[in-house]
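Structure, as structure tokens:
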């Protein structure tokens with residue numbers, strides 16, 4: 001049965017890591033829903049967060065093959081209840097809509113905020129789960145959304161073991 | 001071998017050669033070209049210590065390096081230029097990756113300021129080779145050459161070995177540097193040798209100690225970890241019958257009474273059928289390839305499966321394992337030997353030997369019926385095996401002749417079986433045999449090749465001629481791409497779509513390369529011809545015209561269970 005998995009991959013900071021990782025998914029004909037890359041709290045260690053829907057059996061094999069990559073330090077796979085995750089979405093609508101009480105109310109009710117007000121347009125920002133940013137999209141849609149962008153998921157795991165502990169273990173081996 | 005050397009003022013290209021020397025490299029297979037010229041120029045100054053074999057095509061270079069590595073355990077080294085030179089390596093890289101062969105390829109690349117500009121002979125070598133290498137790295141600064149190369153050798157040869165490619169831009173080759181060499185023996189993010197967990201071995205031992213019908217399945221991993229002696233000791237102590245995968249042949253002597261043959265699509269009858277009868281299946285250094293398992297949903301379901309492998313990603317990849325042992329085979333086997341009891345399984349073992357006799361009887365009877373008095377592949381291999389006492393290094397290509405050789409050659413020596421298993425690369429054998437002969441100048445190296453595969457890389461006869469390489473070549477010529485024709489006969493109602501293949505006069509072709517040879521067309525001439533073939537000091541080409549429509553049996557058809565193996 002397919003489920004949503006959050007894959008967290010910690011790697012050395014080398015050129016081409018993203019490609020090395022994604023070809024493992026491509027080879028198994030797996031479609032990635034979202035991907036983000038960033039630095040971590042440890043210098044020169046990078047983190048990739050990949051979200052996709054697949055089966056547990058398939059994702060376990062993928063993780064094995066990702067961990068086999070020479071420059072991968074550690075890879076984890078989590079289900080949604082094991083991570084705290086967030087996405088950010090930006091919405092651009094015409095400034096004239098601000099005059100409508102509805103828009104102000106929608107922003108309040110959704111705990112969104114206005115980032116900038118220009119003569120022609122405003123930018124609204126909403127962070128949350130995908131369902132939440134999507135809900136806001138639906139509510140703003142009647143006003144005409146000029147532009148919309150949503151980030152991939154960023155996630156931290158609930159288990160307490162720190163990355164630095166894993167790194168120490170790797171160095172001891 | 002030098003671990004560190006004094007700092008020397010030199011160039012990037014010279015640093016390449018000095019690094020190779022520090023790694024103990026004595027042979028390089030390669031082909032020069034624009035982007036690697038500075039390295040070839042540096043090589044010119046070190047020819048007393050490093051031997052370079054000029055091949056006729058870069059694919060030949062990498063297959064030669066693979067043959068060298070597979071038959072010696074050392075890492076094979078390849079030089080090639082940028083663009084087409086590098087892309088010609090791809091098949092060999094993929095082959096070396098799937099068959100776990102340590103190879104380091106050094107490719108020249110356009111100058112770093114030209115990267116990504118579609119410059120002459122520029123290709124995205126990093127992108128192209130990423131999926132077919134264990135690791136690859138592009139070097140654009142001379143100072144990075146030595147550290148990258150030592151890391152490359154460490155990664156290629158340790159853990160589950162594999163091919164590594166280092167792409168060096170031309171400006172880095174020209175750049176002046178202070179060279180010094182510090183040997184790499186660890187990489188933080190790469191665990192080459194997993195720590196053996198004693199409890200895993202204990203669990204396996206407790207299964208084996210009560211097993212009534214245990215079966216062992218050994219792969220190339222035994223040879224890669226130099227565990228041949230540990231395997232022999234373990235097998236003789238526990239009395240477990242030993243079956244082998246295609247690449248595992250040679251890991252356990254074929255003339256040992258515990259050896260019961262090969263598993264897989266064209267493996268022997270008993271080890272296949274009894275995979276589905278045994279109560280404990282102990283797999284060592286193998287990866288349950290689909291050619292081994294047949295239908296996985298009907299594979300060894302009744303058995304407790306123990307799997308020893310150094311590659312964590314192989315555990316539970318294909319077969320759900322009851323007792324995994326993530327470890328180097330040598331270490332695991334020696335601990336396992338201590339924890340298992342002295343036992344024999346004579347009745348069980350005898351069933352294998354009995355079945356083998358019957359199998360050979362049936363195959364021989366059928367062949368005599370369909371091909372009376374004809375020269376057949378199995379007869380050639382059987383006689384070759386007898387005449388060499390199963391001690392030659394035998395290199396095969398891909399197809400019917402390969403499976404016939406696996407079935408009828410009695411591999412008694414480790415690292416004596418060089419073949420393209422996982423990738424099934426036609427054209428592999430001739431260049432691989434060149435590499436194997438260079439690694440084993442004192443041994444008889446025999447390349448057995450079909451008429452189709454031979455024509456894929458026959459240009460390497462030129463390499464043999466120029467370097468006086470004494471490879472013995474047997475071409476089993478049936479005028480067909482035989483294995484595909486066999487499938488067309490069995491599964492496509494004899495529609496022989498483009499499998500009838502014509503060949504040149506192979507003996508005349510060899511003669512044009514100054515290689516002696518002869519053609520045998522009659523059964524009664526085989527014996528004498530093989531003697532001449534084996535007793536000739538230098539290279540020799542023996543073309544044998546064999547039965548056109550002989551088939552390889554036993555056979556587990558695609559999608560069938562190993563228990564449904566066919567004898568005809």
In the range A:63-102, residue farthest from the other protein chains (Cβ to nearest Cβ) [restricted to those that are without any contact (Cβ under 8 Å) to a residue 40 or more places away in the chain and within 22 Å of residue B:194 (Cα to Cα)]: A:67
Whichever residue in the range A:1-23 is at the interface with chain B (Cβ under 9 Å from one of its Cβ atoms) and outside any strand (DSSP E or B) and, among such residues, is surrounded by the most Cβ atoms within 10 Å (Cβ to Cβ): A:20
Condition check for residue B:287: touching a helix residue (DSSP H, G or I) at 6+ places or on another chain (Cβ under 7 Å), within 23 Å of residue B:564 (Cα to Cα) and within 14 Å of another protein chain (Cβ to nearest Cβ): yes
Hits in the range B:290-329 (condition: assigned to a helix (DSSP H, G or I) and more than 14 Å from chain A (Cβ to nearest Cβ)): B:290, B:291, B:292, B:293, B:298, B:329
Candidate set from the range A:49-62 (those that are more than 12 Å from every other protein chain (Cβ to nearest Cβ) and surrounded by 15 or more Cβ atoms within 10 Å (Cβ to Cβ)); member that is nearest to residue A:77 (Cα to Cα): A:59
Any hit, the range B:88-109, residues being within 12 Å of chain A (Cβ to nearest Cβ) and within 22 Å of residue B:71 (Cβ to Cβ): yes
Qualifying residue in the range A:132-144 (condition: loosely packed, with under 13 Cβ neighbours inside 10 Å and either in contact (Cβ under 8 Å) with a residue 40 or more places away in the chain or under 30 Å from residue A:71 (Cβ atoms) (or both)): yes
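Listed here are the residues, each with its yes/no results for (1) buried (at least 20 other Cβ atoms within 10 Å of the Cβ); (2) at negative phi.
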residue: B:270; (1), (2): yes, yes
residue: B:296; (1), (2): no, yes
residue: B:302; (1), (2): no, yes
residue: B:316; (1), (2): no, no
residue: B:322; (1), (2): no, yes
residue: B:346; (1), (2): no, yes
residue: B:356; (1), (2): no, yes
residue: B:364; (1), (2): no, yes
Only one of B:452, B:470 that is under 23 Å from the mean Cα position of the chain (by Cα) and assigned to a loop (DSSP other than H, G, I, E, B): B:470
Any hit, the range B:252-263, residues being in contact (Cβ under 8 Å) with a residue 60 or more places away in the chain, under 20 Å from residue B:201 (Cβ atoms) and away from chain A (no Cβ under 14 Å): no
Single residue of B:36, B:98, B:128 found to be assigned by TED's automatic domain parsing to the domain that holds residue B:173 and under 26 Å from residue B:185 (Cα atoms): B:98
Number of the condition not met by residue B:437 [criteria: (1) surrounded by 24 or more Cβ atoms within 10 Å (Cβ to Cβ); (2) out of contact with any strand residue (DSSP E or B) (no Cβ under 7 Å at 6 or more places or on another chain)]: (2)
Odd one out for residue B:551 among (1) within 26 Å of residue B:269 (Cβ to Cβ); (2) touching a residue at least 24 places away in the same chain (Cβ under 8 Å); (3) in contact with a helix residue (DSSP H, G or I) (Cβ under 9 Å, 6 or more places away or on another chain); (4) assigned by TED's automatic domain parsing to the domain that holds residue B:431: (4)
Residue that is surrounded by 16 or more Cβ atoms within 10 Å (Cβ to Cβ) and not assigned by TED's automatic domain parsing to the domain that holds residue A:16, where the choices are A:122, A:70: A:122
Single residue of A:59, A:107, A:123, A:88 found to be at pLDDT 95 or above and not in a strand (DSSP E or B): A:59
Residues being part of a helix (DSSP H, G or I) and surrounded by fewer than 18 Cβ atoms within 10 Å (Cβ to Cβ) - total across the range B:204-223: 3
Hits in the range A:129-151 - residues which are part of a strand (DSSP E or B) and out of contact with any helix residue (DSSP H, G or I) (no Cβ under 8 Å at 6 or more places or on another chain): A:146, A:147, A:149
Only one of A:24, A:50 that is closer than 27 Å to residue B:188 by Cβ, in contact (Cβ under 8 Å) with a residue 24 or more places away in the chain and touching a helix residue (DSSP H, G or I) at 6+ places or on another chain (Cβ under 7 Å): A:24
Residue check for residue B:161: assigned to a loop (DSSP other than H, G, I, E, B), in the same structural domain as residue B:63 (by TED's automatic domain parsing) and in contact with a helix residue (DSSP H, G or I) (Cβ under 7 Å, 6 or more places away or on another chain): yes
Residue tally, condition out of contact with any helix residue (DSSP H, G or I) (no Cβ under 7 Å at 6 or more places or on another chain) and in a helix (DSSP H, G or I), over the range B:368-378: 3
Which numbered condition residue B:200 misses (of (1) closer than 23 Å to residue A:67 by Cβ; (2) within 22 Å of the chain's Cα centre (by Cα); (3) away from chain A (no Cβ under 14 Å)): (2)
Strands (runs of 3 or more DSSP E) wholly inside the range B:28-118 that include at least 2 residues being without any contact (Cβ under 8 Å) to a residue 12 or more places away in the chain and at positive phi: none
Unmet requirement for residue B:537, which otherwise passes all of (1) under 30 Å from residue B:568 (Cβ atoms); (2) touching a residue at least 40 places away in the same chain (Cβ under 8 Å); (3) not in a helix (DSSP H, G or I): (1)
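The values are calculated or read from the model by the stated rules, or taken from the named source; none is laboratory data. All of these numbers come straight from a predicted model, not from anything done at the bench. Cβ coordinates were reconstructed from backbone atoms using ideal geometry, including for glycine residues, and neighbour counts include every protein chain displayed.
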